[in-house]
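See below for the structure under consideration.
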Amino acid sequence: MRVAILTSARSGSTSLYHLIEAHLNKKNHICISEPFNNYWREKIDKPTYDVDFFQNKENIFIKTFVSKTQKPKSLLDNEVGYWDWFFDYFEKIILLDRLDKDLQSESLAYHMKKDDIHSWQKKQKYDLSITTSEEINNSKNILLNESNMLHKFSKNGYPLYYFEDIFIKKDKSKIDNIFEYLNIDLNELIYNEYVISDVFRIRLNENESKFKSII
């Protein structure tokens with residue numbers, strides 16, 4: 001089964017990816033997070049992937065962003081060609097978005113300004129004084145455009161989910177729907193680890209310690 005999470009930044013996609021990965025690994029799937037994030041992969045000395053890597057692979061799972069900059073190198077300047085390949089290749093595509101564009105754009109602008117590849121998944125309090133309102137607004141415009149793309153894709157029958165439903169409201173029916181879509185059984189212990197507990201939540205409030213899990 002060829003599976004992809006297609007998402008925008010700061011939408012909880014890493015936690016959802018690891019939740020699904022923990023199940024598909026047992027089914028001998030190749031699992032790759034952000035295979036087309038060439039800048040990040042080159043910076044941490046990880047391999048980059050082009051479309052030829054995916055040929056003749058039947059069991060593969062990726063998480064990737066709808067961002068215009070994250071494509072296989074051979075299709076980087078071919079928007080139509082990339083999406084034709086993407087939707088033809090992957091059999092199951094999960095769309096993930098975030099409703100609160102203010103918090104999402106603050107998070108994106110903050111991490112972009114820090115320019116630290118290790119910061120994106122590090123539990124921390126956000127010091128928004130390092131950003132400007134213009135930078136946050138620019139991030140918001142990008143995210144709104146990406147959200148429009150995700151909604152456009154959902155009209156073709158691909159399921160669309162929201163960060164708030166899964167990770168804030170803890171609406172388990174959404175995860176149940178995803179796993180039913182993938183036709184795999186949900187392991188409750190793994191679900192509790194990646195969704196119910198806040199171990200993997202990045203942004204801390206002022207009274208929270210990064211050394212303590214928030215349940």
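The values are calculated or read from the model by the stated rules, or taken from the named source; none is laboratory data. Fair warning: this is a prediction, and the values are worked out from it, not measured in the lab. FYI the Cβ positions are ideal-geometry reconstructions off the backbone, even for glycines, and counts take in every protein chain you see.
The helices (runs of 4 or more DSSP H) found wholly in the range 1-87 and carrying at least 2 residues that are closer than 17 Å to Tyr181 by Cα occupy 13-24.
Only one of the numbered conditions (1) exposed (fewer than 15 other Cβ atoms within 10 Å of the Cβ); (2) of a type outside the set (S, T, N, Q); (3) farther than 24 Å from Asp45 by Cα; (4) at pLDDT below 85 is not met by Ala109, and that is (1). For Val51, the conditions (1) aliphatic (A, V, I, L, M); (2) surrounded by fewer than 18 Cβ atoms within 10 Å (Cβ to Cβ); (3) out of contact with any Pro (no Cβ under 7 Å at 6 or more places or on another chain); (4) over 24 Å from Glu164 (Cα atoms) are fulfilled apart from (3). Of all residues in the range 131-156, those that are farther than 22 Å from Thr64 by Cα and assigned to a loop (DSSP other than H, G, I, E, B) have Cβ atoms under 8 Å from Cβ atoms of residues that are at pLDDT below 95 and acidic (Asp, Glu), 6 or more apart or on another chain, in Thr131/Glu106. Per the listing Lys155, Lys125, the residue uniquely more than 17 Å from Ala9 (Cα to Cα) and either at pLDDT 90 or above or not charged (D, E, K, R) (or both) is Lys155. Against the conditions (1) touching a residue at least 40 places away in the same chain (Cβ under 8 Å); (2) under 23 Å from Val195 (Cα atoms); (3) of a type in the set (Val, Ile, Thr), Ile44 satisfies every one except (2).
You will find that of Lys73, Lys57, the residue that is exposed (fewer than 15 other Cβ atoms within 10 Å of the Cβ) and at pLDDT below 90 is Lys73 and no other. In this entry, Ile142 passes the filter for residues that are among the β-branched types (Val, Ile, Thr), buried (at least 16 other Cβ atoms within 10 Å of the Cβ) and either closer than 29 Å to Leu75 by Cβ or modelled with pLDDT of 95 or more (or both).
Every residue, every condition in (1) modelled with pLDDT of 95 or more; (2) over 20 Å from the mean Cα position of the chain (by Cα); (3) charged (D, E, K, R), yes or no:
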position: Asp84; (1), (2), (3): yes, yes, yes
position: Thr131; (1), (2), (3): no, yes, no
position: Asn137; (1), (2), (3): no, yes, no
position: Tyr161; (1), (2), (3): yes, no, no
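Here Tyr181 qualifies as at pLDDT 95 or above and in contact with a Pro (Cβ under 8 Å, 6 or more places away or on another chain).
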